[in-house]
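Okay, structure first, notes after.
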Amino acid sequence: MPPLEFAQKLKTKFGPVISEPAEFRGEITLHLSDAGRIAEVCEFAKNQLGFDYLVDVSSVDNYGDDPRWTVIYHLRSLKHGGELRLKTDVSEEKSELPTVLTVWKTANWHEREIYDMMGIRFSGHPDLRRILMWEGYPYFPLRKDFPLAGKPTDLPGVAFAKPAPLEGGPFVTVAGGKDAIQREPRVRTPEG
Amino acid sequence: MRTNTEMGYDSKIEGDVIVTRVDAALNWFRKNSVWPMPMGLACCAIELMAVGASRFDISRFGSEVMRFSPRQADCMIVAGTVTYKMAMCVKRIYDQMPEPRWVIAMGACASTGGMYRSYAVLQGVDNIIPVDVYVSGCPPRPEAVLDALMKLQDKIGQLPVLNELTAVAALKS
Amino acid sequence: MATVQDIEIRDSAARAAQAADELQDSVGEKMVLNMGPSHPATHGVLRIVLELDGEIVTKADPDIGYLHRGDEKIAENMTYTQFIPYTDRLDYLAPLANNVAYALAVEKLLGIEKDLPPRCQYIRVMCAELARISAHLLGLGAFAMDMGAVTVFLLTFTEREKIYNLAESISGARFTTSYTRIGGVMRDLPPTWLDQCQKFCEEFIPALNEVEVLLTRNRIWVDRVRNLAVISKADAIDYGLSGPNLRGSGVEWDLRKQQPYLCYPDLEFDIPTGSVGDCYDRYLVRMEEMRQSVRILLQCIKKIPGGADNKTKEPVNFADGKIFLPPKEKVMSKMEELIHQFILVTQGMNCPPGEVYFGHENPKGELGFYLNSRGGGTPYRMKIRSPSFVNLSIIPKIFPGCLISDTVAILGSLDFVMGECDR
């Protein structure tokens, strides 16, 4: 059964919360408008549709748009080889959505990393603490308003951080400008 | 004709006796048996392992035993990127090494932070410990690491050991 | 003036009673041992906090992040081509494979991954398989050295030096090669490379047999490694394992067969799968994978279009000036190529907005790149799905119940690399 049929099955089961399947480069993406139901949808996908393997959970910071966070789940089935991508949006005030740890155990570390890097909390996660940065690090590094050079921190006895010397750079193009002039290489400041 | 060499040996004059200075003898012992402590953090650790393997043998320089305990090592080779989270561990391990101790910063990441100019990387391990030899390269070729070891041996050969020992003895009494 | 103290020497019954009391207090306590980031057997900077009851591990909590260098944030500030050296340093035991994985991911975003010239595809497959042999050799060597078999380490490193020679003649660097580019490879094969590769394959199999004789039916090795840390099929799938760890547990899933890319459909090879899921199975799977990689290499050497010195001038790069740098003679003499070169170097190739995920069968597992692009030459968000990160998450499940000396064996058999895990 091609992945499009699985997407249609999810849509028929969950109705208006799931968008029409979009296709790009051979991959099907479904958008879930209510982030609170993600665990339910994933449970259905695993038990009824056979998506038993969670490949990856990623997060994107749509800085300047509302809702600010997008959490992306890549599902795969080892039985029939189908792949599916589920996206859901979370607003900045809420910054929380249910964990899918109950469905796939591998989500444990992926969600901890998203919490560490972006600051999105997962309700129901038994052990939500930082995984890549040290305990007590006050910032969320992968947010768009956090500079690449870093900000100074100091946790005596644990770690310290100083901003890296970027000397005004990096001078790279801005993603998503409508023409080459708008995309010109320029210094990336957090606000721009 | 007076020459300034470290050893005097002429079998016709001295017979089977070598005449040398205490400094030169002690330094000769120390430099030919530098036991490294590999602080292998990232990709440079793989080149460090290659230096220890059979093709670029480090044991011909006396450094065969890679002592993983800092208390038994002479030279700490920081091989790889030092992140801020790891920096505290590196400093603590350096403090545990007994004198005399030296540090080789191997690779671009250990020397200056390398190509990782980001929020999590310490820009050079010399921010926290004193470094004796810097090796550039990403990763440096094993021959470069051996060259660094030879430079370190030259440096050790020049140390005024006897002055230090007498100064320490004077402090104790 | 020293005071005189009375020493009370009680009789043996009283002493025995006191010792029994103290033992009762200490038997219930568990000791927390830190298997620290600087440890000879943790294959990089991994810290595991072990809770021990005597010699048996009751709880294990890995603490990673000691090599977190901020690759994903750096990627948002680099063009796609500028990020290639960072991909080398992800799984630093097999840099050629990481380069191929990243190039394929960006080419999927551009939509050109089916249009790569065939010679380029064969070259990339050969690079990936050489990287696979190299990574498995080092994983095996480190695993055996931690268990005490130091000779195996020296033998495998000698073979790796031959692979380093091949990598050096193809790209200039022994190790961190940065060989592939988006739309092709850096340069064509040198004329004698295929002969060197053939010679390596012929010399490698006897060396591998020697290692096999030393380990596979060795009583001590089997005793230490058999029936240790059994990962069931359901657990392996649930925890998201991939690569030899997944196949060692009996799941037949290999991206080269299930979701084929490059020219793998034209090549014949088998996928070794384990039956029990213990450390011995994972070791055997890796040994057999090396043999299959040699089989693939020999087929590629025969089948590569253009042969050893490319007399028929087969292209190795995708011939579009907007994606791949045009040849230098044209850049220096024609206007259009000069503009293409300028834009590619300063701004990067203009990728369409959209998102892709591409998973590649790396030696450690599935290395995946999730690219979210909003147009332009830099990614808006790049997530690196690293196999070692996911493979390590099973440690809290399989450590409890084994002895301290078994922890070294389990870490060696999981074969992870911290550069990839922490990115």
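The values are calculated or read from the model by the stated rules, or taken from the named source; none is laboratory data. Since the structure is predicted, the reported quantities are computational estimates derived from the model, not experimental observations. We place every Cβ from the backbone using ideal geometry, glycine too, and count neighbours over all the protein chains shown.
Working only within segment A:144-169, note down all residues that are touching a strand residue (DSSP E or B) at 6+ places or on another chain (Cβ under 8 Å) and either within 11 Å of chain B (Cβ to nearest Cβ) or at pLDDT below 85 (or both).
The answer is A:Gly150, A:Lys151, A:Pro152, A:Thr153, A:Asp154, A:Ala159, A:Phe160, A:Ala161, A:Ala164, A:Gly168, A:Gly169.
When A:Glu92 is evaluated against the numbered criteria (1) touching a residue at least 24 places away in the same chain (Cβ under 8 Å); (2) buried (at least 21 other Cβ atoms within 10 Å of the Cβ); (3) closer than 21 Å to A:Tyr137 by Cα, which criterion, by number, is the only one it fails?
It is condition (2) that A:Glu92 fails.
Does B:Asp132 satisfy the criteria of being of a type in the set (Asp, Glu), touching a strand residue (DSSP E or B) at 6+ places or on another chain (Cβ under 6 Å) and more than 9 Å from every other protein chain (Cβ to nearest Cβ)?
The answer is yes for B:Asp132.
For segment A:64-81, name all the residues that are over 19 Å from C:Tyr380 (Cβ atoms) and either touching a strand residue (DSSP E or B) at 6+ places or on another chain (Cβ under 9 Å) or more than 9 Å from every other protein chain (Cβ to nearest Cβ) (or both).
Scanning segment A:64-81 gives A:Leu75, A:Arg76, A:Ser77, A:Leu78, A:Lys79, A:His80.
Of all residues in segment A:107-148, count the ones that are within 24 Å of A:Pro67 (Cβ to Cβ), charged (D, E, K, R) and part of a loop (DSSP other than H, G, I, E, B).
Number satisfying all stated conditions: 4.
Identify all residues within segment C:77-104 that are more than 28 Å from B:Leu48 (Cβ to Cβ), more than 11 Å from chain B (Cβ to nearest Cβ) and either among the β-branched types (Val, Ile, Thr) or not in a helix (DSSP H, G or I) (or both); write none if there are none.
Passing the criteria: C:Thr79, C:Tyr80, C:Thr81.
If I go through segment B:52-80 residue by residue, how many of them are hydroxyl-bearing (Ser, Thr, Tyr) and either in a helix (DSSP H, G or I) or at pLDDT 90 or above (or both)?
Residues in segment B:52-80 being hydroxyl-bearing (Ser, Thr, Tyr) and either in a helix (DSSP H, G or I) or at pLDDT 90 or above (or both): 1 in total.
Need a quick list: helices (runs of 4 or more DSSP H) entirely within segment B:81-173 having at least 2 residues that are among the β-branched types (Val, Ile, Thr).
It comes to B:84-96, B:142-157, B:161-172.
Name the residue, out of C:Leu414, C:Leu325, C:Leu367, that is more than 13 Å from the chain's Cα centre (by Cα) and not polar (S, T, N, Q).
Exactly one of C:Leu414, C:Leu325, C:Leu367 is more than 13 Å from the chain's Cα centre (by Cα) and not polar (S, T, N, Q), namely C:Leu325.
Filter segment A:95-106 down to residues that are in contact (Cβ under 8 Å) with a residue 12 or more places away in the chain and in a loop (DSSP other than H, G, I, E, B) and give me whichever is nearest to the other protein chains (Cβ to nearest Cβ).
A:Thr106
Does B:Phe56 qualify as being within 11 Å of chain C (Cβ to nearest Cβ) and either at positive phi or in contact with a helix residue (DSSP H, G or I) (Cβ under 9 Å, 6 or more places away or on another chain) (or both)?
yes
Please list, ordered by first then second residue, the pairs with beta carbon atoms under 6 Å, 6 or more apart or interchain, first in segment A:35-57 and in a strand (DSSP E or B), second of a type in the set (Val, Ile, Thr).
Close Cβ pairs satisfying both conditions: A:Tyr53/C:Ile237; A:Leu54/A:Thr106.
Could you grab me the full set of residues in segment C:221-242 that are closer than 20 Å to A:Ser77 by Cβ and part of a helix (DSSP H, G or I)?
C:Lys233, C:Ala234, C:Asp235, C:Ala236, C:Ile237, C:Asp238
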